[in-house]
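Data first, discussion second: the structure below is written as structure tokens.
The values are calculated or read from the model by the stated rules, or taken from the named source; none is laboratory data. None of the values given here were measured: they were computed from a predicted structure. Virtual Cβ from ideal backbone geometry, glycine too; neighbours counted across all protein chains shown. Areas reflect the complete protein model, heavy atoms only, side chains present, ligands, DNA and RNA absent. Shrake-Rupley method; radii C 1.70, N 1.55, O 1.52, S 1.80 Å.
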Amino acid sequence: MSTATTAVRPTPKDWREEWFEIEDATYLNLAGQSPLPKVSIRAIQAALEWKKFPHRIPDSAYFEVPNRIRASIAKLVGGKPQEIALTTGASTGMSAVAFGLTWKPGDEIVTAKGEFPLQYSTWKPMEARAGVSLKVISPREQFISADDFISALTPRTRLVSASMVRFDNGALLESTRLAAACHAQGALLLLDVSQCCGGMPLDVTRLGVDFMVCAGYKWLLSPFGTGFFWAKQEHIVNMRPGPFYWMAAEGAENFSSLAFENPKPALAARRWDVAETANYFNLAAMNASLEFVLQAGAETVEAHNRQLIEFMYERLPKDRCVPTSPADAARRGPYGCFAARTPEKTAALYAKLSKENVITSLREGNIRVSPYLYNTERDIDRLIAAITV
């Protein structure tokens with residue numbers, strides 16, 4: 001008699017149970033604003049109790065939550081906690097780089113046409129402030145590529161600043177090859193990873209990037225007004241000094257002895273922490289959300305979303321709609337875009353989807369569909385039904 005047993009396959013997790021159900025809409029807009037999972041809302045409720053009874057807040061609370069968040073982000077991107085500053089979004093980290101690097105007149109910063117506005121609002125003022133030049137390049141084909149940036153490098157190029165995944169079409173930049181080319185030219189690479197961190201696996205060592213900035217309210221499932229800035233340790237120690245949050249000073253943990261007149265910033269990225277890092281509400285939720293993201297796994301999100309986007313592209317009516325993200329899933333981020341045959345028809349179709357409570361985003365003439373683990377093929381069916389009716 002055989003003693004072999006048949007392995008029992010685990011029941012697939014129903015991730016929808018981790019969120020409060022959105023009963024009045026089909027929500028396919030995580031790239032615009034993520035709904036908080038239940039665990040994060042519970043964390044906010046617990047933080048409210050702290051402010052309700054502030055005598056229960058220990059001094060250690062000002063540092064423990066931020067430190068847990070740094071540790072979670074480090075795991076998520078393959079970095080070190082001391083390389084991470086906690087910010088209110090991607091723009092804060094961009095400013096840290098703009099003011100922290102030592103510029104020479106004529107230094108060149110390269111970004112791309114159609115980038116998210118923070119690229120221009122950060123670097124255009126630096127032309128007048130530091131005498132640098134912002135070069136805005138256009139793609140030679142439909143999507144911006146590493147080759148486009150590499151061909152634009154010159155001996156004057158100091159920094160390439162770009163989105164790893166484009167907000168308007170989901171195109172994924174081949175960052176590893178671009179980083180190698182930048183370094184061979186003596187330039188640095190800054191990536192905005194707001195539209196992919198948490199939605200697909202990232203590793204700063206493999207990417208070779210020098211700086212990363214990220215908003216928290218998208219794929220990190222965190223509140224609006226959260227984010228992080230990552231800098232390679234070798235750059236942190238060489239950045240220009242500037243004003244810093246007092247809790248980033250050495251010895252600030254000792255609240256009974258804070259009268260230091262010559263504070264020394266920690267030799268870590270937290271010197272660029274946004275003030276009031278221990279924000280009880282935003283960071284309590286961010287801490288819980290990041291633990292959830294790590295538990296779920298960025299690779300799980302990537303595989304789930306890739307399946308749903310491929311399903312969407314298969315079902316789109318070919319006579320009315322065209323995909324506007326790369327056809328190769330390996331060349332796009334964790335979402336996909338499409339458009340109607342004309343800009344006017346695209347705008348009308350987006351309005352129709354909104355009227356049917358199918359929530360997407362309209363970005364630069366593309367309808368952006370960004371699902372998450374709480375979405376299923378039934379949600380894509382509703383999207384297609386709203387298009388075809």
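Inspect all residues belonging to region 68-90 and state whether any of them is more than 22 Å from D192 (Cβ to Cβ), at pLDDT 90 or above and either of a type in the set (D, E) or assigned to a helix (DSSP H, G or I) (or both).
yes
For V209, state whether it is assigned to a loop (DSSP other than H, G, I, E, B) and either within 17 Å of the chain's Cα centre (by Cα) or among the hydrophobic types (A, V, I, L, M, F, W, C) (or both).
Yes; evaluated as a whole, the condition is true for this residue.
Hey, does region 202-216 have a residue that's crowded, with 24+ Cβ neighbours inside 10 Å, polar (S, T, N, Q) and over 22 Å from I144 (Cα atoms)?
Scanning region 202-216 turns up no residue that is crowded, with 24+ Cβ neighbours inside 10 Å, polar (S, T, N, Q) and over 22 Å from I144 (Cα atoms).
Return the residue satisfying two criteria in turn: it lies in region 360-389 and is among the aliphatic types (A, V, I, L, M) and open to solvent by 20 Å² or more (accessible area, probe 1.4 Å), and of such residues it is farthest from R332 (Cα to Cα).
By that ranking, first place goes to V389.
How many of the residues in region 104-151 are touching a Leu at 6+ places or on another chain (Cβ under 7 Å), buried (at least 17 other Cβ atoms within 10 Å of the Cβ) and assigned to a helix (DSSP H, G or I)?
Going through region 104-151 one residue at a time, the tally reaches 4.
If T154 meets every condition in (1) within 28 Å of E291 (Cβ to Cβ); (2) part of a loop (DSSP other than H, G, I, E, B); (3) of a type in the set (S, T, N, Q) apart from one, which number is that one?
Going through (1) within 28 Å of E291 (Cβ to Cβ); (2) part of a loop (DSSP other than H, G, I, E, B); (3) of a type in the set (S, T, N, Q) one by one, T154 breaks only (1).
Determine which member of the set V237, V322 is open to solvent by 30 Å² or more (accessible area, probe 1.4 Å), under 26 Å from the mean Cα position of the chain (by Cα) and over 30 Å from V39 (Cβ atoms).
V237
For region 227-259, what are the residues that are at pLDDT 95 or above and assigned to a loop (DSSP other than H, G, I, E, B)?
Within region 227-259, K232 is the sole residue that qualifies.
Mind listing whichever residues of region 7-44 are at pLDDT 90 or above, among the polar types (S, T, N, Q) and farther than 18 Å from D379 by Cα?
S40
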